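First the structure, in the form of C-alpha cells, and then the observations on it.
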Amino acid sequence: MSVDKFGRSSHLGQRHNNSLQDFMKFYSSFRLSLTSDGNIDASNLKICNVNEPTQASDVTTKKYVDMVQSNQDVLKQAVQSMKDNIHKQANLLDQTLQRHEKLKDDFEQKYQQQGDSIDRLWAKQHTDIEIMKNLNTHIFDVVKFNEKGLEKHKGYTEEALKELKNQNHGDIENLKTTFDSAITVVKFHQDELIKYKDEMKQALKEIRDQTASVILNLKTLNIATDQLEEADQKQIDRIATIEDKQQLSRLQRLACISVTGATRSAPTEALEALLSLPRLHIEAEAGAMRASYRVKQWGQWRGRVQDGGHVSVLSQLVERDKLLEAPSDKIPPTYVFKKNFTVEIPSREVWNRDSDALVSQGLVCQAALHALKSPRITSQVVLECTNSLAELGQRNKVRLVWVPGHCGVTGNEEADALARKGSSDTFTGPEPAVGLPYSYPQGSIDNRTREKCQVDWSRGIGLRQARLLIKGPGAAATRSLVNLNRANIKIITGLLTGHGRLNKHLNTIGLSPDSRCKLCGTSDEDSVHVLCDCPRVIVNRHKHFGAGYLAPEDIREIPVDKVLAFARSTGLF
C-alpha cells in the first residue's frame, strides 16, 4: 500500500483512477466503431449479394430482391434510430465523465483538507515536543541532586533525546521554514497595507485639494458673475453717459461757434481750448461738487461719502484734498435785520477831509465792514462777531468805521501788530481754530476743473495743427481773444485751428483746386506753414515775432494780438 509524505493511504485514489481508465478505454473503443460523421460503420454487414443469383427460380429471386429493397427503408430507419441512441449514450457518457471529474475535484479538495488537518496535528506534536523538553529539563534538575541516579539514567536520557531529535529534526525544520514563509507573507501584506494606506491618504488629499479647488472656482465664478453684472451695468451707464456728453457737446459747440464765428468744420475741442470753456459735463461735475460740499458742511448730508453713483463726486473731491474734511466757515444763510451798532464806509475824499473825527470813532478793514453791514450772513465767524457786537451794543454805542491801511493810524497799526503776533504764535487748542473759508473749496474745485480740461486737451487724439499751435485752456489768452472784434476773432480761430481760408483746408473741403501756398508755391498752405516757415513772409515774421523761422511750439507763447497783426500783414486774410 502506497503512502504519501504525510503517511496517508492512496488506495482509494488509485482505485478511482483505475475505474476511470477502464471507462475511458471502453469509451474509446466505442468511438472507433463510429465513422467521422457519427454513423455506424456497417461495411462488414451483408444481408445478401444481389449480383450473384442462387439456384432458385428467377421469380423467387425477383421477389426476394423486391423484399430486400422494400425493407431497405426500414433498415435505414433502424440504423438512424441506432445512431440517435448511440448519440444519446455518448452524451450520457460525457455527463458521467463530467460527474467523475467533479468527484475527482471533491476528492482532491478533501485530500487537501486532510493534509491541513495533518499539518495542524504536526503543529500540536511540536507543542508536545516542547513540553517534553521542559519535562526532561525538570527531570534533569531532579536527578542532579542524586548523583547515583543521574549516572544510571544518564545514558537512557541521552539516547532518548538523540532518538527524539533524529525523529523530529526534519519536521522541526519544515515547521521553521513554514513559519518563516508565513512571517514573510505577513510582512509583505503589512507592507502592502501600509502602501495602500499611504495611497488612500494621498487620494484623500487629492480629493480634498480638488474639492477646495472646485469650491474656489465656484466662488471665483460667483465673483466673476457679480463683476460681469456690475461691468454690464457700468457699460450701460457709460453708454448713457456718452450719449449725454454728446448732447452737451453739441450744445456747447453752438455756443462756441456763435462766439468765434468759426466755420462748421472747426473742431469743438479746439474752440473750447481757445475760449477756456470746460466741457459741460465737467462743469456739471464741478457744480455737483460745490453743492455736495455745501450740503455736507451744513449737516444735511444723508448718505455716506463712499457711496457710489452721483454722490461719489464728494469722495473724489475729498481724495484730492484731505483738508476739505475739516469744518467749513460756510453756514446756511442767516438774516439779521436789526442791529444795535452802525457801520460806515466813507469814501477816500471824506476820509481825507474828516480823518480826525473818523479815527476817534473806530477802525476796521473794509471787507469785514461790508460783511457786518449786510443783513445776510453766510459765515460762522461773521455771525459770531455780529452776536458779540450786539451784546456789546446793549450797554454801549458802537460805531464801526473804515480807515485806509498803512497811513499812520495808531489803532490800525496796533491791530496789524497784534494780527502778526497772533499768526506767528503756536495755536493752543483743537484745530482748526476757525473753519475753512468758502473760497478754499471753491478754488480747489476750480483747479480740478482746469487740470482736467488741460489733461483732456493734451491727451486728446487728432487735431494735429490745433494741438501744435494752441497751448490749451488759459484765462489770459482767452481774455485777449474775446477783447477783439468778431471779424478778428474769426481770423484767429481759423488760423489756430487750421479751419480757415487757407488753400490746404479749402482744397480738403473741395473749394479750391490747389492746396499749395499762394505766396511761395512750394508747400501746402496750412497754418503751420504760414506761421512758421513760409519763406515769402520771413520779414513779416521777424518784424512781429522777432525771428524768421519758428517752431509750432513757439506760437503757443506769442500773444493773440501779435499773431493777428502778423496774419493781417501777410495779405492772406
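Computed quantities for the displayed model
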{"quantity": "Using θ = phi - 60° and Karplus 6.51 cos²θ - 1.76 cosθ + 1.60, couplings along the stretch 476-485 (whole Hz; Gly, Pro as x)", "calculated": "5, 5, 5, 4, 5, 6, 6, 6, 7, 6"}
{"quantity": "Approximate spin-label separation residue 423-residue 326, in nm, with each point projected 7 Å along Cα-to-Cβ", "calculated": "1.5 nm"}
{"quantity": "Distance (nanometres) between label positions extended 7 Å along Cα→Cβ at residue 475 and residue 522", "calculated": "4.4 nm"}
{"quantity": "Too-long pairs where the Cα-Cα distance tops 31 Å, listed order kept, from 504/543; 338/421; 110/197; 245/296; 76/102; 373/421", "calculated": "338/421; 110/197; 76/102"}
{"quantity": "Label point 7 Å beyond Cα of residue 464 along Cβ direction - residues of the stretch 524-559 with amide nitrogen under 15 Å", "calculated": "524-530, 552"}
{"quantity": "Interchain or long-range residues, amide H under 5 Å from residue 344's placed H", "calculated": "400, 401, 402"}
{"quantity": "Gain on full stretching of the segment that runs from residue 109 to residue 515 - 0.36 nm per residue minus C-alpha separation", "calculated": "134.6 nm"}
{"quantity": "Efficiency of FRET between residue 242 and residue 413 - r from beta-carbon atoms, R0 56 angstrom, step 0.05", "calculated": "0.35"}
{"quantity": "In nm, spacing of pseudo-spin labels at residue 353 and residue 486 (7 Å Cα→C-beta vector)", "calculated": "4.7 nm"}
{"quantity": "Nonlocal amide H pairs with residue 436, under 5 Å, H built at 1.01 Å", "calculated": "328, 329"}
{"quantity": "Cα-Cα separations in the stretch 262-303 greater than 12 Å, expressed as whole percent", "calculated": "68 percent"}
{"quantity": "The stretch 238-301, dipole about Cα centre (Lys/Arg Cβ +1, Asp/Glu Cβ -1), debye to the nearest 20", "calculated": "120 debye"}
{"quantity": "Extension gain (nm, one decimal) between residue 217 and residue 397, 0.36 nm per residue minus Cα-Cα", "calculated": "56.7 nm"}
{"quantity": "Potential extension, residue 452-residue 201 segment - 0.36 nm per residue separation minus Cα distance", "calculated": "84.2 nm"}
{"quantity": "Two-site FRET efficiency, residue 254 against residue 549, from Cβ-Cβ distance with R₀ of 25 Å, rounded to 0.05", "calculated": "0.05"}
{"quantity": "Protection-proxy order for peptides 277-290, 537-550, 382-395, 496-509, each taking the mean of Cβ atoms within 10 Å per residue, highest first", "calculated": "496-509, 277-290, 537-550, 382-395"}
{"quantity": "Residue among 444, 408, 423 farthest towards the positive dipole end of the stretch 383-479, charges placed on Cβ", "calculated": "444"}
{"quantity": "Residue 442/residue 568 FRET efficiency (R0 25 Å; Cβ-Cβ; nearest 0.05)", "calculated": "0.05"}
{"quantity": "Share of alpha-carbon pairs per 10 Å distance bin for the stretch 388-513, given as whole %", "calculated": "9, 18, 21, 15, 13, 13, 8, 3, 0"}
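Values quoted throughout were computed directly from the atomic coordinates according to the rules given, and no laboratory measurement underlies them. Keep in mind that what you see is a predicted model, and the values were worked out from it rather than measured. Cβ: placed from backbone, ideal geometry, glycine included. Neighbour counts: every protein chain shown.
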